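For reference, the structure discussed in these notes is given below.
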């Protein structure tokens, strides 16, 4: 029986990490993951449309009951933070419109959920998601691995 | 003849200023203006949905050819800027989806376009939009006046 299906995202203008995970009686399953790369020659608005339309398609295709994203880092430069926030706005709007429950997790919370340790490095997180889930690509952009880690955190959070 | 119709917005979570202006052979006309106030008791996500759905309705109802917003102030506190950026993301996405041309103007550009002077105060801008347009409400939230000023700037910009 499926108890939860989550669309997890690592938002960005250049690259959008995407993962769809399901929690079943048999454990966690990775249904899909990818990294959407937008065209740098297009305007930010055009790229926002590509991102939004991709999300709409994913929401229709996988009918997740929840959407999970990482909280925004405030220590990044403000311009980047503003850009990411605009992408997040589109994500939150479309998720809410689709009736999904929304989860947000901080970077440390994600590390603890995936590795049991809040100060793991990137490689430690990647190694762990490969151990915990079948079908994680051997090589991928960080954004895709980050999305999978967010998805695992949502599943772990749900379990509690 | 109508040469331009713009949906102008002053984005925010609490209050969203809205104005629809049209440029015709006879001059500029204010078709509609309001201030959408979201419910502070709702989650940010719920309020984002209200804002997005309001925009969708306005885009369908008024079929503007362009959408105009003010650029983000970076000197505001970061948390506010992030919130406004999320709302802007939804605006830009829906505007692009509707095939609208997007305009962004800085605060000084708006003051110059409306009053001819880059250091006008808020009251100076309000007085001027009341002189330039019929139907500007006598009393309204700043957000509504700001949206009308953004709309006037878009119309003036188009004229050039």
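Just to be sure before I move on: is residue A:102 within 14 Å of chain B (Cβ to nearest Cβ), over 15 Å from residue A:17 (Cβ atoms) and in a helix (DSSP H, G or I) in the structure I sent?
Values: within 14 Å of chain B (Cβ to nearest Cβ): yes; over 15 Å from residue A:17 (Cβ atoms): yes; in a helix (DSSP H, G or I): no.
No, not satisfied.
Listed residues B:95, B:68; which is within 14 Å of another protein chain (Cβ to nearest Cβ), touching a strand residue (DSSP E or B) at 6+ places or on another chain (Cβ under 6 Å) and either under 12 Å from residue A:45 (Cβ atoms) or surrounded by fewer than 17 Cβ atoms within 10 Å (Cβ to Cβ) (or both)? Lay out the reasoning, then the answer.
Working: B:68 fails: either under 12 Å from residue A:45 (Cβ atoms) or surrounded by fewer than 17 Cβ atoms within 10 Å (Cβ to Cβ) (or both).
The match here is B:95.
Just checking, which of A:21, A:9 is within 14 Å of chain B (Cβ to nearest Cβ) and not in a loop (DSSP other than H, G, I, E, B)?
From the options A:21, A:9, the qualifying one is A:9.
Return the total of residues in the range B:63-89 being part of a helix (DSSP H, G or I) and within 14 Å of the chain's Cα centre (by Cα). Can you show your working first?
Filtering the range B:63-89 down to residues part of a helix (DSSP H, G or I) leaves B:78-89.
Going one step further and asking which of them are within 14 Å of the chain's Cα centre (by Cα), we end up with B:84, B:87-88.
Selection size over the range B:63-89: 3.
Filter the range B:49-63 for residues that are away from chain A (no Cβ under 13 Å) and in contact with a helix residue (DSSP H, G or I) (Cβ under 8 Å, 6 or more places away or on another chain) and give the result. Give the derivation first.
Kept after step one, since they are away from chain A (no Cβ under 13 Å), are these residues of the range B:49-63: B:57-63.
Scanning the range B:49-63 gives a single hit, B:59.
When you check residue A:125 against the structure, is it more than 24 Å from residue B:50 (Cβ to Cβ) and either more than 10 Å from every other protein chain (Cβ to nearest Cβ) or surrounded by fewer than 17 Cβ atoms within 10 Å (Cβ to Cβ) (or both), yes or no?
Values: more than 24 Å from residue B:50 (Cβ to Cβ): yes; either more than 10 Å from every other protein chain (Cβ to nearest Cβ) or surrounded by fewer than 17 Cβ atoms within 10 Å (Cβ to Cβ) (or both): yes.
So residue A:125 passes the test.
Of all residues in the range A:38-58 being touching a residue at least 24 places away in the same chain (Cβ under 8 Å) and not in a helix (DSSP H, G or I), which is farthest from residue A:71 (Cα to Cα)?
Initial filter on the range A:38-58 (touching a residue at least 24 places away in the same chain (Cβ under 8 Å)): A:38, A:40, A:44, A:47-48, A:51-52, A:54-56, A:58.
Narrowing the set further to residues that are not in a helix (DSSP H, G or I) leaves A:38, A:40.
Details: A:38: 21, A:40: 24 Å.
That would be A:40.
Computed from the coordinates by the stated procedures, all read-outs in this text should not be read as laboratory data. Quick caveat: nothing in here was measured; it's all calculated off a predicted structure. No Cβ is skipped: glycine too gets one built from the backbone with ideal geometry, and neighbour counts run over all protein chains shown.
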